[in-house]
């Protein structure tokens, strides 16, 4: 591509402004649609892959039948966490989440109804990689009536004050001391919360005896989201193989009383969002929907390409005279082909730039994430082009 070819391309496009504008805008809209779909798919596929120990984190789930009625749910029995650590050498650690049923939080003259608050075990930050701003990850959920806030919730109640050590009153009688601040939970986490209260605080709500009990009834109290961390040499298949023995020991007797059976389900954390279809779950995605979006993106680009070729074919009739003159003056077929390719490349690059601008304004609230993904996209395209 030399200077004369660029000048010819510019003059040609300027002379045919309506054709150039129509081609660029139609292709830009198609590209922006495809980019938005690509960003959506990338976001969906990235769920829960930011945890450093993600390849060893599994969620315990339940497939149970009571009196002939079967249910598959994302929750697991109350006693599973402690019992699994005790009886399965493959399980190194566990943590549990239980929703605090819609409560009013109050600090000073500020009072808000909070929905995304959970009880959580002190091991939560040993297992999950939620970035900590203030506090000790190993101890900030260890004491009763401790609470960890996300940055958003801390700013909501304390503005520019240091929240550490402050006490928030909760409607159900709890007075929780702020022992930690963490970054807001990433958008691509299937577990979403604004605050975590130490799980041991539940002893004051349900009673110390029930909280610590490992009797068979607690192995059928399916109330919690339980996550286990396998040891580095642990294998989830071994856990499943040993579970029938675990069931006979801890669950079968009470199961017979209630005419119930129980099967263990597990999913690795990065597979939870797109690969589960369970009751009582957090937000989940739809893998089939992603394939539909892929087909839509390909169809949009195909239609845009056909539209561009149609416009180019119509325009070629207008260029026939100029091409004929160039041939008379000795222009080679290769040179004329390069001129056409230069024009097509120029239109495509301008359309690509317009598509980037459109995407930027359409998803302005997520521009940081968009930019990082876009850089990867451009790098990938450049490698394919090379």
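The values are calculated or read from the model by the stated rules, or taken from the named source; none is laboratory data. As the structure is a computational prediction, the values presented were derived from the model and not from experiment. Here the Cβ is made from the backbone with ideal geometry for all residues, glycine too, and neighbour counts use every protein chain on show.
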- Task: Scan segment 128-148 and give yes if some residue there is assigned to a helix (DSSP H, G or I), within 21 Å of residue 201 (Cα to Cα), touching a strand residue (DSSP E or B) at 6+ places or on another chain (Cβ under 7 Å) and modelled with pLDDT of 95 or more, otherwise no.
- Result: no
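Every residue, every condition in (1) surrounded by 21 or more Cβ atoms within 10 Å (Cβ to Cβ); (2) at pLDDT below 95, yes or no:
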| site | (1), (2) |
| --- | --- |
| 161 | no, yes |
| 164 | no, no |
| 179 | yes, no |
| 182 | yes, no |
| 193 | yes, no |
| 214 | no, yes |
- Query: Within segment 281-297, how many residues are out of contact with any helix residue (DSSP H, G or I) (no Cβ under 8 Å at 6 or more places or on another chain) and in a helix (DSSP H, G or I)?
  - Reply: 5
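Looking at residue 201, is it over 19 Å from residue 124 (Cα atoms) and in contact (Cβ under 8 Å) with a residue 12 or more places away in the chain?
Details: over 19 Å from residue 124 (Cα atoms): no; in contact (Cβ under 8 Å) with a residue 12 or more places away in the chain: yes.
No: the conditions fail for residue 201.
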- Message: Against the definition (in the same structural domain as residue 83 (by TED's automatic domain parsing), in contact (Cβ under 8 Å) with a residue 60 or more places away in the chain and assigned to a helix (DSSP H, G or I)), how does residue 254 come out, yes or no?
- Response: no
- What are the residues in segment 150-175 that are touching a helix residue (DSSP H, G or I) at 6+ places or on another chain (Cβ under 8 Å) and over 24 Å from residue 223 (Cβ atoms), if any? 163, 166, 168
- Of 125, 112, 97, which residue is touching a residue at least 12 places away in the same chain (Cβ under 8 Å) and in a helix (DSSP H, G or I)? 125
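Can you confirm whether residue 156 is under 28 Å from the mean Cα position of the chain (by Cα), surrounded by fewer than 21 Cβ atoms within 10 Å (Cβ to Cβ) and more than 23 Å from residue 48 (Cα to Cα)?
Against the criterion (under 28 Å from the mean Cα position of the chain (by Cα), surrounded by fewer than 21 Cβ atoms within 10 Å (Cβ to Cβ) and more than 23 Å from residue 48 (Cα to Cα)), residue 156 qualifies.
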- Message: Looking at segment 84-94, can you tell me whether even one residue there is at pLDDT 95 or above, in contact with a strand residue (DSSP E or B) (Cβ under 8 Å, 6 or more places away or on another chain), under 29 Å from residue 220 (Cβ atoms) and assigned to a loop (DSSP other than H, G, I, E, B)?
- Response: yes
